[in-house]
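Notes to accompany the following structure.
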Amino acid sequence: MRLIEVFVPDDKREEALRVLETENLDYVRTVENSEGTDGELVSFPVPPQAVEHVLSSLRDVGIDDDFVVVSSIETARTPRIDDLEDRYVNGQEEDDSIAREEIRSRALNMTPGRLTYYAMTVLSALVATAGLLLDSPAIVVGSMVIAPQVSAALTGTVGLVLDDRKMVADGLFALVSGLIVAIASAFAFAWLIRSGGFVPSTIDITAIVQVQNRISPGPLAIVVGICAGAAGAFGLATAIPVSLVGVMIAVALIPAAAAVGIGLAWGNASVALGAATLVAVNATSIPLAGLVVFWYLGYRPDGWTTGTIRGNVSGGRMSTLAVVLACGLAVLAGAGFVLGTHVAFQSAVNDEVRTVLEDDPYEELTLADVQTDFHDGGLVADETSVTVVVQRPADAPYPALAADLEARLEERTGHEIAVAVEFVDRSTARHDGSEAS
């Protein structure tokens, strides 16, 4: 429930009270004449869904926003409050959207101080790095819970849709700088872990499942970023609680940023580039998806006129939005191209591996998995590693399989490929019904 307090000048009293009566609102009037301004302070409770509608109706009769206070209250008991709740909460005008003033305040109130923001970013990056190296999903999830990136992402997006340049600058700067801090923290921590001998320096980080999930992104990675941004916008712009939205946004950012740091610490350019591509795609798609949702929900810059595009874009009003959109789309296009190159390469590898295993010499083999390192098209590494896991009859040798796969994959893709084959002996049944391997 919300309590709205509006200053109504004497010359606008009748029009304002007529609006409140038309909306069936119960209100209290207090005479106010401070600083030589004669008028009344009118207070009335409304559901969150009715705030924007009522304030818009008051603006239409000339009540300015010079003094408007919207505050949260636990409950309200007035003669007509039940009818009002039935109308806006359960009735035909049901809508979860909140007022533009409130969405701006909610976004700003989520933003912690700089020390808190960067300290929590460092801590979440360290936890994510430990979780990735330990291959522990539970620890990785813990890093998402404490990550503060939701405030930066949503503040910048709200600033875009409301054309508030300061919010845009503060939000996007905090998002980018926070990710840089997360990557740097993960790199420093991973380097200390490796140099200190806490894990073998020769460990193959690409064999860690939690790392694999972040260094070889596919089309579904983009879906995660888009859904995170859309969920964040819905959570902030409606009366729905926003407590879990931060975890969703952190899912798309923090583990990938930690994987970049791990790749740099191990000197593995393919790992770092693959995870960095995922970070770039998600960090760009989150604000853009949020912007689309906010726009769909009806949030517009001040003075926006419905139905006239030319008048709305004149005078530099949308310059900030245009610049940010252009930069975001450029980053998304570049990262998308690199990601598309990898996805096409991965698809070709998977298809060719299946084709090879269908040949007569390998017809008794069953494909279990294909793991492909991030393929950058030769930007960083000339050779891409591919690991093929197959099931075979117990102890059956296939010495030529790796060479055959390598030759066929290089012919299919036109790139140098290092193939490793891992065999898993298939279980066989004994006459007594037990299994042996």
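The values are calculated or read from the model by the stated rules, or taken from the named source; none is laboratory data. All values derive from a computational prediction rather than experimental measurement. Every residue, glycine among them, receives a Cβ derived from its backbone with ideal geometry; neighbour counts consider all protein chains shown. Keep in mind that these areas ignore ligands, DNA and RNA; they rest on the heavy atoms of the full protein, side chains included. Shrake-Rupley method; radii C 1.70, N 1.55, O 1.52, S 1.80 Å.
Residues of segment 12-25 being of a type in the set (D, E, K, R) and open to solvent by 30 Å² or more (accessible area, probe 1.4 Å), which ones?
Here is the first cut: in segment 12-25, the ones of a type in the set (D, E, K, R) are 12-15, 18, 21, 23.
If the condition is that a residue be of a type in the set (D, E, K, R) and open to solvent by 30 Å² or more (accessible area, probe 1.4 Å), then K12, R13, E14, E15, R18, E21 are the ones that fit.
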Item checked: Residue selected from segment 156-173 under the condition touching an Asp or Glu at 6+ places or on another chain (Cβ under 8 Å) and open to solvent by less than 10 Å² (accessible area, probe 1.4 Å), by the criterion nearest to A107 (Cα to Cα) -> V158
Check: What tally of residues in segment 87-129 results from selecting those that are open to solvent by less than 30 Å² (accessible area, probe 1.4 Å) and modelled with pLDDT of 80 or more?
Finding: 6
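Here are some residues: I222, I226, I193. Which one is open to solvent by 60 Å² or more (accessible area, probe 1.4 Å), part of a helix (DSSP H, G or I) and in contact (Cβ under 8 Å) with a residue 12 or more places away in the chain? Give the steps one after another, and end with the answer.
Numbers: I222 fails: open to solvent by 60 Å² or more (accessible area, probe 1.4 Å); I193 fails: open to solvent by 60 Å² or more (accessible area, probe 1.4 Å).
One residue alone meets the criteria, I226.
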Next item on the list: Output the number of the condition that T155 fails; it satisfies all remaining conditions of (1) of a type in the set (S, T, Y); (2) outside any loop (DSSP other than H, G, I, E, B); (3) at pLDDT below 80.
Entry: (3)
Check: Does segment 237-260 hold any residues that are at pLDDT below 80 and crowded, with 21+ Cβ neighbours inside 10 Å, and which are they?
Finding: A237, V245, G246
Note to self: Given the options G263, G267, G290, G232, name the one that is buried (at least 23 other Cβ atoms within 10 Å of the Cβ), of a type outside the set (K, R) and over 22 Å from L108 (Cα atoms).
What the structure shows: G263
Check: Which members of segment 174-211 meet the condition of being within 19 Å of L278 (Cα to Cα), at pLDDT 80 or above and not β-branched (V, I, T)?
Finding: A174, L175, S177, G178, L179, A182, A184, S185, A186, F187, Q210
Notebook entry, point to check: Between a first residue in segment 22-33 that is modelled with pLDDT of 80 or more and a second residue that is in a loop (DSSP other than H, G, I, E, B), which pairs have beta carbons less than 6 Å apart while being 6 or more apart in sequence or on different chains?
Noted result: N24/R80; D26/T78; D26/P79; D26/R80
Next item on the list: State the number of residues belonging to segment 298-319 that are open to solvent by less than 40 Å² (accessible area, probe 1.4 Å) and modelled with pLDDT of 65 or more.
Entry: 2
Notebook entry, point to check: Is it the case that D64 is more than 20 Å from E85 (Cα to Cα) and not hydrophobic (A, V, I, L, M, F, W, C)?
Noted result: yes
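Taking the stated definitions as given, is A188 closer than 30 Å to T155 by Cα, out of contact with any Cys (no Cβ under 9 Å at 6 or more places or on another chain), part of a helix (DSSP H, G or I) and open to solvent by less than 20 Å² (accessible area, probe 1.4 Å)?
In short, no.
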